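The values are calculated or read from the model by the stated rules, or taken from the named source; none is laboratory data. Quick caveat, the model's predicted, so the values are computed rather than measured. In this analysis, Cβ positions are derived from the backbone assuming ideal geometry, glycine residues included, and neighbour counts consider all displayed protein chains.
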Amino acid sequence: MDLENKISLIKQVGEEILTEEELKHLLQTKEHPIAYDGFEPSGQDIHIAQGILRSININKMTKAGVKFKMLVADWHAWANNKMGGDLDRIQTVGKYLIEVWHHCGMDLKNVEFIWANDFVKDTGYWKKVMQVARNSTVNRIIRTGQIMGRKEAEVQQASQILYPCMQCADIFQLKADICQLGMDQRKVNVLARELGPKLGFWKPVVVSHHMLMGLGEPPTTKDIDRIIDLKMSKSKPDTTIFMNDSEENIKRKIGKSYCPAKVTEENPMLEYSKYLIFEKFNVMEFKRPEKFGGDLVVENYKELERLYAEGKIHPIDLKNAVSYYINEMVAPVREAFHKDQKLKHLLETIRKFEVTR
């Protein structure tokens, strides 16, 4: 693949790229750059942003020649008091999430899963953590609390101050050329860019992907923590679609979702159409009675957005179509929960765990 097409693919993933010029130079000088992504094992379910959207983004990056190192951030989840602060349970959830991705269509040939639990045995890792901590102020680290899914005021345990220092050090421990995480992780990635050259490392390129919003009405606040309230979250199960939700549950959740007529900004139904449905399907079909305009086939997202803004697609019709296509994407994974005995056993095990935010 030529350089222009590689850049084009990665720009489809990156809502923000720091910087595009650095990315271009990286792709010119390294055939297979290393990208870092990671996840904190928590909760009892995996939602469509973690399952489907993550697979879409990773597959675009690997198509452009990028190799992924996926960090299973078990010690980070422990520091963040997930699963009641029980490391064994956190690691069981990590194994479960990896198994789910085996059924999500992720290009696992180019993804290596690495456990933070293995990092901590390396004294060189803790040296990197200390270097980050010594070159950061307490206030700066607290302001990065957003990366843990927490607002600044919620960062209370001393372990939660250690977390950002670890995540910054992870980038250099993994020898990552690219940080490919969500916009909610931006602050620690920028910290890594600032500290890298100072600490004798490098300045990683940051490709921050869009955060899929939940089904509820967007918050009216404009503060720095708004992204936490807006994004899809396992802690808000009724505004989140999970990879093992039944067809009936998907219809129910979408049926009561926020979807004002003619409004295209921060409309979850249009978000899911843009970032999920048109990534997996060539068209969106709308089944409607003749008195409401009859059946309709929409060939791309821009056309869908225009028709919706003009009022030519009703919110109910949009919800029905989105519900159908999301279920089509979730169905193979949901079926795997019944057929894959390892996955089934892991799910049954974590269902018994107490969940803490």
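Keeping to the stretch 102-118, report how many residues are at pLDDT 90 or above and not charged (D, E, K, R).
Counting residues in the stretch 102-118 that are at pLDDT 90 or above and not charged (D, E, K, R) gives 9.
From the list Pro315, Pro289, Pro268, Pro260, which residue is farther than 16 Å from Gly51 by Cβ, touching a strand residue (DSSP E or B) at 6+ places or on another chain (Cβ under 6 Å) and either assigned by TED's automatic domain parsing to the domain that holds Leu230 or acidic (Asp, Glu) (or both)?
Being farther than 16 Å from Gly51 by Cβ, touching a strand residue (DSSP E or B) at 6+ places or on another chain (Cβ under 6 Å) and either assigned by TED's automatic domain parsing to the domain that holds Leu230 or acidic (Asp, Glu) (or both) holds for just one of Pro315, Pro289, Pro268, Pro260, which is Pro268.
For the stretch 1-98, please list each of the strands (runs of 3 or more DSSP E) lying entirely inside it that holds at least 1 residues being among the β-branched types (Val, Ile, Thr), buried (at least 17 other Cβ atoms within 10 Å of the Cβ) and at positive phi.
Hits in the stretch 1-98: none.
On the given criteria, is Glu247 surrounded by 13 or more Cβ atoms within 10 Å (Cβ to Cβ), within 21 Å of the chain's Cα centre (by Cα), more than 15 Å from Lys312 (Cβ to Cβ) and among the charged types (D, E, K, R)?
So Glu247 does not fit the description; no.
Assuming Leu304 fulfils every condition listed in (1) in a loop (DSSP other than H, G, I, E, B); (2) over 30 Å from Ile90 (Cα atoms); (3) touching a residue at least 12 places away in the same chain (Cβ under 8 Å) apart from one, which condition is it?
For Leu304, the failing item is (1).
Out of (1) under 14 Å from the mean Cα position of the chain (by Cα); (2) among the β-branched types (Val, Ile, Thr); (3) modelled with pLDDT of 95 or more, the odd one out for Ile34 is which?
(1)
Enumerate the pairs (first residue in the stretch 233-247 and free of Cβ contacts under 8 Å to residues at least 40 places away in the same chain and more than 10 Å from Ile48 (Cα to Cα); second residue anywhere and hydroxyl-bearing (Ser, Thr, Tyr) and part of a loop (DSSP other than H, G, I, E, B)) with beta-carbon separation below 9 Å, excluding pairs fewer than 6 apart on the same chain, so at least 6 apart or on different chains.
What qualifies is Thr239/Ser233; Thr239/Ser257; Thr239/Tyr258.
So that you can scan it fast, the table gives a plain yes or no per residue for (1) over 29 Å from Ser257 (Cβ atoms); (2) in a loop (DSSP other than H, G, I, E, B); (3) in contact with a Leu (Cβ under 8 Å, 6 or more places away or on another chain):
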residue	(1), (2), (3)
Gln185	no, no, no
Leu191	yes, no, no
Glu194	yes, no, no
Lys198	yes, no, no
Lys203	yes, yes, no
Val206	yes, no, yes
Met211	no, yes, yes
Thr220	no, yes, no
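Going through the stretch 289-317 one residue at a time, which ones are more than 27 Å from Asn59 (Cα to Cα) and in contact with a helix residue (DSSP H, G or I) (Cβ under 6 Å, 6 or more places away or on another chain)?
Passing the criteria: only Ile313.
For the stretch 264-285, state whether one or more residues are farther than 24 Å from Lys231 by Cβ, charged (D, E, K, R) and assigned to a loop (DSSP other than H, G, I, E, B).
No, every residue in the stretch 264-285 fails to be farther than 24 Å from Lys231 by Cβ, charged (D, E, K, R) and assigned to a loop (DSSP other than H, G, I, E, B).
I'd like to check something: does the stretch 235-253 contain any residue that is in a helix (DSSP H, G or I), among the aliphatic types (A, V, I, L, M) and either touching a helix residue (DSSP H, G or I) at 6+ places or on another chain (Cβ under 8 Å) or within 30 Å of Lys67 (Cα to Cα) (or both)?
Scanning the stretch 235-253, I find at least one residue that is in a helix (DSSP H, G or I), among the aliphatic types (A, V, I, L, M) and either touching a helix residue (DSSP H, G or I) at 6+ places or on another chain (Cβ under 8 Å) or within 30 Å of Lys67 (Cα to Cα) (or both), so the answer is yes.
Please go through the stretch 289-301 and pick out each residue that is under 22 Å from Met329 (Cβ atoms), assigned to a loop (DSSP other than H, G, I, E, B) and touching a residue at least 12 places away in the same chain (Cβ under 8 Å).
Answer for the stretch 289-301, where residues must be under 22 Å from Met329 (Cβ atoms), assigned to a loop (DSSP other than H, G, I, E, B) and touching a residue at least 12 places away in the same chain (Cβ under 8 Å): Glu299, Asn300.
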